Structures are given as structure tokens and as C-alpha cells.
Amino acid sequence: MSIMATLTAKCEKFMSSYPMAVKVYNLYYKKIVHTEVKLAKITANDKVLCIGGGSFPSTALEIANMTGAYVNVIDNDLIAVRKAQNLIEKVGYNNKINVNHANGAKIDSIGYSVIHIAQQVVPKNDVIENIWKNADLNARILIRTPSNKLEKLYPAFNKNKWLNKRNKISENYKFINSTLMLEKLEEEHNNQKNRNNMKSYNPKPSYIFG
Ligand SMILES: C[S@@+](CC[C@H](N)C(=O)[O-])C[C@H]1O[C@@H](n2cnc3c(N)ncnc32)[C@H](O)[C@@H]1O
């Protein structure tokens, strides 16, 4: 795990026992999430998946609050999941946010119109690859990426590969440099479907003995 990922996870675990801290902690995320909501044009009709919500799922809380969209959160750390579930209940958001234990590199993203990938998610390339491959047509994938200066402190991520896809990049921030948005457009979606169909028609390998 990277330094920043470890530090943030520890800090969030401690803070999640204090629901009163929600307002203060969310102040940091408010502006970032506001820009992301605008970038992906998230509305109440969207179904949102947040990957790597942590013990203190501020991004999910802000998205639900700002847009009215239903948010499913996943985290691969069971302790973080339990803490987040408690917090969501205490702040009265259990009819708007659901938190589950799952790995972003394996999760099925079908049915989600917006997928948000946290800065500290690992292995980031595998998670993006998995989401991009299976995402629905017109799904928007938001990927938080670190600034160049802080890049080494965060999980490794092959930004250039994804910059080749059709995408938009939001404004810069101090710590979280930018949020990259990938859109699953028709051409890419059809290409993917064709590739999947081809796979299912692949004959089983045959062996010749003798
Ligand atoms: C510390 S949180 C930060 C998120 C922040 N609270 C927010 O609202 O945006 C990052 C979380 O990502 C989780 N995580 C890392 N890799 C993951 C993966 N592959 N799948 C799911 N969760 C992951 C970590 O367990 C950690 O709790």
C-alpha cells in the first residue's frame, strides 16, 4: 500500500467513531465532489458506485446530498465497511447509501451509470481495467488522480493509457490534482461486446496425441 493510502485509511478509521466530524471532514471533499458532480452531470436518476469508500465515505455522502442519487459504496477492508455502515446509519443516510465488502478489481459494474474510483484504490490499473471493460453504454467513470509532485505517495496508475480514451479532465486541486473522466461511448461499447461475443465462440483447444 502507498503511504498516503495507509495514512488516510488509518485517519478515517479513527474519525468514523465521531459522526460529528462529518461536517468538518466533508468540507475537504465538498468542492472536489461538486466539480465531479458537474463533470459527470450526476442527477437523481443516476445509479452511482463508489469504489474505496473507506471508513468515512465522504464522497458518497456528498454525492447523495448534492444530487439525490442512490449510492452503492464498496471497500475491500471489512473493518472499514463495518465502520462506514455504522456511520451512515448514525447520520441517517441508510436509505440513500449502501456499503458492502467487495473488491473493485472484481466487482460487476453493470447497471451503474456513474462509477467513482477513489484516489487510494489499489491496484488502480486493474480496477480501472475491470470497470472499463464491463461498464454500461454511456457510463461515466470518475478517477481521482494525484498531482505530479505527490504521484509517488499514491498507488501507481498508468494515466497515459487512459488519456488515449475519450475523456474529460476537471480542474486542478492542491492535493488531488485532477479527476479524470472516461465515458463509455457507443463505439467502444460495441467493440467490447464484439470482443466478448468472440470469446464465447472460441472453440475449446483440441489436443493431438501420438
Ligand atoms: C481511505 S479511503 C478514501 C476514500 C474517501 N473516504 C472518500 O470518501 O473518497 C480509500 C479506501 O479504498 C479502499 N480500497 C483500496 N483498494 C480497494 C479495492 N481494490 N477495492 C475496494 N476498496 C479498495 C481502502 O480499503 C480504503 O478504505
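Hey, among Ala80, Ala64, Ala84, which residue is assigned to a helix (DSSP H, G or I) and surrounded by 24 or more Cβ atoms within 10 Å (Cβ to Cβ)?
Ala84
Which number in (1) near the ligand (Cβ under 8 Å from one of its atoms); (2) touching a helix residue (DSSP H, G or I) at 6+ places or on another chain (Cβ under 7 Å); (3) without any contact (Cβ under 8 Å) to a residue 60 or more places away in the chain; (4) outside any loop (DSSP other than H, G, I, E, B) marks the one condition that Val99 misses?
Here Val99 clears every test but (1).
Among the strands (runs of 3 or more DSSP E) lying completely within the stretch 104-180, list those that include at least 3 residues that are at pLDDT below 90.
Because the criterion is at least 3 residues that are at pLDDT below 90, the strands (runs of 3 or more DSSP E) in the stretch 104-180 that meet it are 167-169.
Can you name every residue in the stretch 36-62 that is among the β-branched types (Val, Ile, Thr) and within 11 Å of the ligand (Cβ to nearest atom)?
Those that are among the β-branched types (Val, Ile, Thr) and within 11 Å of the ligand (Cβ to nearest atom): Ile51, Thr59.
Suppose we keep only residues that are near the ligand (Cβ under 10 Å from one of its atoms) and modelled with pLDDT of 75 or more within the stretch 12-35. Which one would you say is surrounded by the fewest Cβ atoms within 10 Å (Cβ to Cβ)?
The extreme case among them is Tyr28.
Please determine whether any residue of the stretch 106-116 is under 20 Å from Thr43 (Cβ atoms) and within 9 Å of the ligand (Cβ to nearest atom).
yes
The values are calculated or read from the model by the stated rules, or taken from the named source; none is laboratory data. Computed from a prediction, not measured in an experiment: that's the story for all the values here. Positions of Cβ are generated from backbone atoms using ideal geometry, with glycine treated the same way; all protein chains shown enter the neighbour counts.
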